[in-house]
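The structure under discussion appears below in the form of C-alpha cells.
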Amino acid sequence: VLPRIRGQSLRALIRTAIEKGATSALPPNELVEGILKVCDALAYAHDSGVIHQDIKPENIMLGAFGEVMLVDWGAASVVGEVGSEHPVVGTPSYMSPEQAQGEKEVPLFDVYALGATLFHALLLRKPIDEPDPTRFWERKLKGDLDFPTRQELSKYPRALLAVARRAMHPNPVERYQTIGEFARALRDFVAGGTNWSAPLVSENFEDESWRERFRSTEPEAFEAVSGGIVSRAPL
C-alpha cells in the first residue's frame with residue numbers, strides 16, 4: 001500500500017516553465033529550499049546505507065504547502081549488499097560517469113544526480129543536450145557537460161550554478177563528498193554566498209612583482225600599501 005501524493009513533480013514544473021517562457025522552474029531561492037529538503041531525505045538514506053540511484057526531476061514531488069517528497073526508490077541499493085553485481089540503473093541524463101560505467105554504488109552517485117537535477121530545474125535544459133546516442137554516451141563517460149552560455153550566466157546566479165557544477169564534477173574526488181556538504185553549499189548561497197567557495201583568483205601585493213602582472217594607463221597610478229593596492233591617480 002502506498003500513500004497518494006498530491007502535488008506536482010519538479011519535471012512538470014520545468015515543462016510548465018518552458019511553455020510559459022519562464023526563466024526557471026521556480027525562483028532560485030524557492031528551488032534551493034526544495035532541493036535542501038531532498039538533501040535531508042538523502043542524508044537520512046545514506047546514513048542508513050541506502051543509495052537512491054535515480055534522482056531526477058520526475059522523482060521529486062512538491063505539494064501546495066511546502067511538502068517535498070523524494071519518490072521511486074525502486075532502483076535503490078544497499079551499500080555493501082552481498083552478491084550485488086552493480087548493474088547500471090538510473091536515468092542517463094542525470095547519472096555520474098562512474099555510475100554509467102557500472103562501478104560500485106556509492107553516495108556520490110546521488111550527489112551528482114541531484115546536482116544535475118538542480119542544473120536542469122534552473123536552466124530548463126539537461127546538462128548534456130546530445131541527440132546522437134553514441135555521442136551522448138561518449139560524452140557521459142568522459143564527464144562532459146554543456147556548460148552555461150554567456151547569456152545564461154547573465155540570467156542565473158553564478159554562485160548557484162557553481163554549486164551545481166561542483167556537484168557534477170567528472171572527478172568524484174572534486175565533488176561534494178557527502179550530501180551534507182552539498183546542503184551546506186546551498187545554505188551558504190541562500191545566506192548570501194559568503195562561504196560558497198574559495199576565491200577564483202588570489203593576488204599578492206607584498207612586493208613589487210605585481211607590476212609585472214598589471215599595467216596602468218598612467219605612470220605610478222597605483223601603489224602597493226600594506227599588502228593591498230591603492231590608486232594614486234586623480235581619477
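The values are calculated or read from the model by the stated rules, or taken from the named source; none is laboratory data. This one's a predicted model, so the numbers in the text were calculated from it and none came from an experiment. Methodologically, a virtual Cβ is constructed for each residue, glycine included, from the backbone with ideal geometry; neighbour enumeration extends over all protein chains shown. Just so you know, the surface numbers come from the protein's heavy atoms only, side chains and all, with ligands and any DNA or RNA stripped out. Shrake-Rupley method; radii C 1.70, N 1.55, O 1.52, S 1.80 Å.
Some observations on this one:
- Accessible surface of segment 87-235, 1.4 Å probe, proportion on carbon and sulfur as whole %: 52 percent
- Farthest toward the positive end of the dipole of the chain, out of Ala162, Val32, Val230, is the Cα of Val32, where the dipole comes from beta carbon charges about the Cα centre.
- Rounded to 10°, Cα long-axis angle of helix 179-191 versus longest principal axis of the chain: 50 degrees
- Mean ellipticity per residue at 222 nm, deg cm²/dmol - from DSSP H runs of n ≥ 4 across the chain, formula -39500 (n - 2.57): -11500 deg cm²/dmol
- Taking 0.36 nm per residue of separation and subtracting the current Cα-Cα distance, fully stretching the chain between Asn29 and Ala224 would add 66.2 nm.
- Burial order of peptide ranges 61-67, 6-12, 32-38 (average beta-carbon count within 10 Å, highest first): 32-38, 6-12, 61-67
- Shown here: segment 85-220, whose C-alpha atoms stretch 66, 34, 28 Å along the first, second and third principal axes, sorted largest to smallest.
- Fully extended contour minus Cα-Cα distance, from Arg150 to Ala17, at 0.36 nm per residue: 45.8 nm
- Think of a 1.4 Å ball rolled over the protein heavy atoms: segment 59-156 then has 50 Å² of accessible area per residue.
- Put a plus charge on the Cβ of each Lys and Arg, a minus charge on the Cβ of each Asp and Glu, and nothing anywhere else: the dipole of segment 1-118 about its Cα centre is then about 500 debye.
- Cut-off 15 Å between beta-carbons: net charge of the residues surrounding Ile229, Lys and Arg +1, Asp and Glu -1: -4
- Crossing angle, helix 28-47 versus the chain [Cα axis fit, 0-90 degrees, rounded to tens]: 60 degrees
- Of the solvent-accessible surface of segment 24-72, computed with a 1.4 Å probe over protein heavy atoms with every protein chain present, carbon and sulfur atoms account for 55 percent.
- Angle in degrees between helix 158-167 and the longest Cα principal axis of the chain, rounded to the nearest 10: 50 degrees
- The length gained by stretching the chain between Glu130 and Arg187 to full extension, at 0.36 nm per residue less their Cα-Cα distance, is 17.3 nm.
- Summing Lys and Arg as +1 and Asp and Glu as -1 over all other residues whose Cβ lies under 9 Å from the Cβ of Ile128 gives a net charge of -1.
- Rounded to the nearest 20 debye, the dipole magnitude of the chain is 780 debye, with +1 charges on Lys and Arg beta carbons, -1 on Asp and Glu beta carbons, and the Cα centre as origin.
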